[in-house]
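For reference, the structure discussed in these notes is given below.
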Amino acid sequence: MDHCITLLMCLAARGLVTVFGYPNGQISASCDNMLPVHGNNGPQSSVSSYIITVSNKTFSPGDVITVTITSTSGIDTFKGFLLEARSVGGNWINGKFTTTDSNAQILTCGTQPNAAVSHTNNNLKTSITASWTAPQGAGPVLFRATVLNTYSTFWTGVQSDIIEALQISSTTCGSQKFCLTSPTSCSPTNSSCLFMSSAPTSSGYVFEMSGPTTGYVAIGFSDDTTMANDDVYICTKNSSGYIQVQRGYTTGTVAPTISSNNSAGSIVSSYNNGVLQCSFITTSGISIQQQSTSNPSYYVFLVSGPSNPDGSILKHTKTLISSSKVDLSSFLTTGAQSGRSKVILAHGSLMLVAWMTTGGIGMIMARYMKSAAAKPVLGKAVWFQAHFSLMILTVILTIIAFIMVFVNAGDWSGGAHPVLGCIVMILSFFQPIVAFFRPEPKSEKRFIFNWGHSINALVIKILAVAAIFLGLTIVDSSSNQWMPKVMGGFFAWEVLFYIILETNMRLNASKETDEDKKVHIEKGALMIFVSGNLAFVIALLVGIGQS
């Protein structure tokens, strides 16, 4: 009998909870679906007369936004509510709430404290106010509420406008959004990071793009790893700094066709310290060959490059492609394959060998090794034969490297690097031709040739080093851009060595110096110079291989 009474009491208590709900607002159990436990009563299908207003339409981590629930008329009342901040493109609760309103209290959702706001009583209310603090790494968010007019009359899905994040972050990559980056797992706060992320919404996607560029950053979606018949979104700026987001379709190795029906909205963009960033929300799905597809998996492209003054884009200089097809709704992070072809990497390797070994050694042979290599071979001194052979090899390597990359690229775009490379190639080509017609050593005009030959060689060397610097910044995929720094060390090494050799040569010319001593000094200097150059070039070749 006692057991029956206990059971009846439990059922009655449960019935009371079901009938009277939770007038004290302790409804953490409803955090996920935001539905009240009111028996079989469902939400209203009519348009809600309640709205959510916010104090700001954008935020950065740590910003505090005031959130208010009220009616459209300003006089309609409500008894209960549940308010949360949800990510756009997902269903995650974001940020933390505080409130000083006596009719409101803070709830813990799961293990997340201060994640929601609810009522403290069932008194009639005309409005409720709370403060929301934006967390690190949040993307666009909106505030969502369930509002109860009476026990049986309530509305779900009451939403605010979308609140845009001003700072793109990689914090939630792999958990709340898909990300593709170069270098791997880099943060868009790093000025050398090329970054994109995506998260699906009910009708489209939330996209973020960021990267160091003078022109544009773009993302594309394809059925294969070839850029053709693909859906693309482009974040580009013009010469006046105006930034826009365009949608287009690629039709081959030409500029994409820009669509007149741009589905990108809620755009937030910036260009600071050479880094271009855009985040936006699309109102349509991804299309391939200008037709919608039900296949949710794509190869994802992430590219950057220069643009014309009007903002129209030129050929991209950096390309990243996902290593496999990506389901953008899964948020799983995949690896990436670099869009740099082996031809481009081979071009860089040949240029390093040409101007850090054969070219550099050939130059010092002609000016500083005449005592150490004075013995004749085939009627000419060894230093001359070595100089001539090494410089001819340098020119050949330069021409091969130039032809390789030009055929691969198909145009002259790419900024200052190809321009400097073309000048180096032209001057290098004419250097041995002019040398072939040089005057005799005792000719009155020989000094003209000597000065012209030397000055042209110096110009070629400086331009080649500058071109290599720029090229290394393009292929270096490390987070700290160590390859240009190594090149800077090499440049300092060569300048120091030239100063030492030039000083030694002039001191020897001003006084009588034992010939054997000259030979030993020059041979020792040559060995040190060659060893140092090889160390630098090997380090950079390893870096190119890792790219």
Angle, helix 515-546 long axis vs. longest principal axis of the chain, Cα atoms, 0 to 90°, nearest 10?
30
Return, ordered by residue number, the residues of segment 232-264 whose backbone nitrogen is under 15 Å from a label point located 7 Å along Cα→Cβ of D223.
250-252
In bins 10 Å wide, starting from 0, what share of all Cα pairs of the chain does each bin hold, as a percent?
3, 15, 19, 16, 14, 11, 8, 6, 4, 3, 1, 0, 0, 0
Go ahead and run the numbers for FRET between Q546 and S55, Cβ-Cβ distance against an R0 of 56 Å, rounding to 0.05.
0.70
Which distance in nm do the two modelled labels at L534 and I500 give, with both placed 7 Å along the Cα-to-Cβ direction?
1.7
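Give me the percent relative contact order of segment 342-546, please, defined on Cα pairs under 8 angstrom at least 6 residues apart. Show your work: numbers first, answer last.
On the way: 169 pairs, mean separation 61.8, N = 205.
Once normalised by length, the contact order is 30 percent.
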Rounded to the nearest 0.05, what FRET efficiency do N91 and D327 have when you use their Cβ-Cβ distance and R0 = 25 Å?
0.90
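Between K375 and I258, what length in nm is gained on full extension when 0.36 nm per residue of separation is reduced by their alpha carbon distance? Let's see the in-between values first.
Working: separation 117, 0.36 × 117 = 42.12 nm, distance 6.76 nm.
Result for the pair: 35.4 nm of gain on full extension.
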Would you mind counting up the charge near H387? Only other residues with Cβ under 12 Å from its Cβ, with Lys and Arg at +1 and Asp and Glu at -1.
+3
Within the chain, helix-based [θ] at 222 nm, where runs of 4 or more DSSP H residues each add -39,500 (n - 2.57), nearest 500:
-11500 deg cm²/dmol
Set of lysines with alpha-carbon distance to K370 below 23 Å, sequence-local pairs under 8 removed
K380, K442, K445, K461, K511, K517, K518, K523
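Explain nothing, just the number: relative contact order of the chain, from Cα pairs under 8 Å at least 6 residues apart, as a whole percent.
Details: 1060 pairs, mean separation 52.9, N = 547.
This gives 10 percent for the chain.
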If R0 = 22 Å, then D161 and T77, at their Cβ-Cβ distance, give a FRET efficiency to the nearest 0.05 of 0.40
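Please give the peptides 361-371, 77-87 ranked by average Cβ packing (other Cβ atoms within 10 Å per residue), highest first, as a rough proxy for protection. List each step's numbers first, then the result.
Working: 361-371: 20.1, 77-87: 22.9.
Answer by packing, highest mean first, reads 77-87, 361-371.
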With an 8 Å Cα cut-off and a minimum separation of 6 or more residues, compute the relative contact order for segment 26-167 in percent.
34
What is the helix-to-structure angle for 446-475, meaning the angle in degrees between its Cα long axis and the longest Cα principal axis of the chain, kept from 0 to 90 and rounded to the nearest 10?
20
Quickly rank 59-66, 346-353 as a protection proxy: mean count of other C-beta atoms within 10 Å, highest first.
346-353, 59-66
Using Cα atoms only, what is the angle between the long axis of helix 359-368 and the major principal axis of the chain, expressed in degrees (0 to 90) to the nearest 10?
40
Considering segment 212-261, what Rg and Dmax in Å follow from its alpha-carbon atoms?
11.5, 36
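A short reminder: the numbers here are calculations on the coordinates, not readings from a lab. Keep in mind the model is a prediction, meaning the values are calculated, not measured. FYI the Cβ positions are ideal-geometry reconstructions off the backbone, even for glycines, and counts take in every protein chain you see.
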